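Asker: Just dropping this structure here.
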Amino acid sequence: TNLTERLLERLSLTPAQLPEAAEGITADELEHRLERLEREQLVLGDVNLRADKEIDELEERLTTLTLERDDLTSAIAKLRRGIGDLNRNARQKLLEAFETINKHFERLFTRLFGGGEAQLRLVGDDDPLEAGLEVYACPPGKKPQALTALSGGERALTAVALLFAAFLTNPAPICVLDEVDAALDDANVDRLCRLIEEIADEVGTRFLVITHHRLTMARMDRLYGVTMEERGVSHVVSVDLRQADLFRKSNPALQAAE
């Protein structure tokens, strides 16, 4: 019959197996079940003949992605260990440099102010890499206070002490100072010039000082300036004060005139 042929086609049953498989089921029930199975097959769609090959391709891609993930995980772990090592070394070097600069700062501050005390403090965080820097200064006759509470001249002189403290930690052959004496009075300018001379003798640094202060210019070894002898024409002139001083000392007439 037509139903028998459909069962044989859909279920791949031989005529001998058909009665056993359909035992206890009426023809109508068998027809309904067959229609349901056909609808389910339509929902499932056609059979993918490349399924095995696609599975192999996906498994190969999964293996590749797994290896890449493992490599990436390993690289992240190495990077984190490297960052940890760098942070530990940076903390150690920062604290060593901080202690060195702080010692220089305390000594130079006392030298420039003729007394008093000063120090640097790490504030805001226990981790030195995250902490802030606070400058505390106590000029002679005053209470210890933050840098912002000092007068303009005191702040300038304290900043000079801090600048040279950092410089002495890693001296350079040449140091350029631009108007560092602008906010200082004559007494402090004299202290600054003496400090520059001492540092130059101590570490062999050549200082190039840009200034308009007469006392600072008088304490330098050589002066450079710009003059305009003719309108619109500038010339650079220089004076060797050391040679001039030697010439003055070797000339009795000049000394008598003074």
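The values are calculated or read from the model by the stated rules, or taken from the named source; none is laboratory data. Given the structure is predicted, the values throughout are model-derived calculations rather than measurements. So basically every Cβ, Gly included, is an ideal-geometry build from the backbone, and we count neighbours across all protein chains shown. Just the protein is used for accessible areas: all its heavy atoms, side chains included, with ligands, DNA and RNA removed. Shrake-Rupley method; radii C 1.70, N 1.55, O 1.52, S 1.80 Å.
Asker: Scan the stretch 102-119 and report the pairs whose first residue is modelled with pLDDT of 90 or more and among the aromatic types (Phe, Trp, Tyr) and whose second residue is surrounded by 15 or more Cβ atoms within 10 Å (Cβ to Cβ) and assigned to a helix (DSSP H, G or I), with Cβ atoms within less than 7 Å and a gap of 6+ or a chain change.
Answerer: Phe105/Ala161; Phe105/Leu162; Phe105/Ala165; Phe109/Thr158; Phe109/Ala161
Asker: Determine whether the stretch 120-129 contains at least one residue that is under 18 Å from Arg155 (Cβ atoms) and either charged (D, E, K, R) or not in a loop (DSSP other than H, G, I, E, B) (or both).
Answerer: Within the stretch 120-129, one or more residues are under 18 Å from Arg155 (Cβ atoms) and either charged (D, E, K, R) or not in a loop (DSSP other than H, G, I, E, B) (or both).
Asker: In addition: Which residues, counting only those in the stretch 191-215, are without any contact (Cβ under 8 Å) to a residue 40 or more places away in the chain and open to solvent by less than 60 Å² (accessible area, probe 1.4 Å)?
Answerer: Selection gives Cys193, Ile196, Ile199, Ala200, Val203, Gly204, Thr205, Phe207, Val209, Thr211, His213, Leu215.
Asker: Which of the residues spanning the stretch 86-138 are among the acidic types (Asp, Glu) and surrounded by 15 or more Cβ atoms within 10 Å (Cβ to Cβ)?
Answerer: Across the stretch 86-138, the qualifying residue is only Glu106.
Asker: For the condition at negative phi and at pLDDT below 70, what is the one hit in Leu58, Leu67, Leu72, Leu13?
Answerer: Leu13
Asker: Of all the residues that make up the stretch 144-153, how many are closer than 18 Å to Leu133 by Cβ and not in a strand (DSSP E or B)?
Answerer: Qualifying residue count for the region: 5.
Asker: Also, I was wondering about something else. Does Val189 satisfy the condition of being in a helix (DSSP H, G or I) and over 35 Å from the mean Cα position of the chain (by Cα)?
Answerer: yes
Asker: Go through the residues of the stretch 85-100 one by one and say whether even a single one is closer than 19 Å to Val203 by Cβ and not in a helix (DSSP H, G or I).
Answerer: No, every residue in the stretch 85-100 fails to be closer than 19 Å to Val203 by Cβ and not in a helix (DSSP H, G or I).
Asker: A further question on this structure: Pick out the one residue from Ala182, Ala172 that is assigned to a loop (DSSP other than H, G, I, E, B), open to solvent by 70 Å² or more (accessible area, probe 1.4 Å) and at pLDDT 85 or above.
Answerer: Going through Ala182, Ala172 in turn, the sole match is Ala182.
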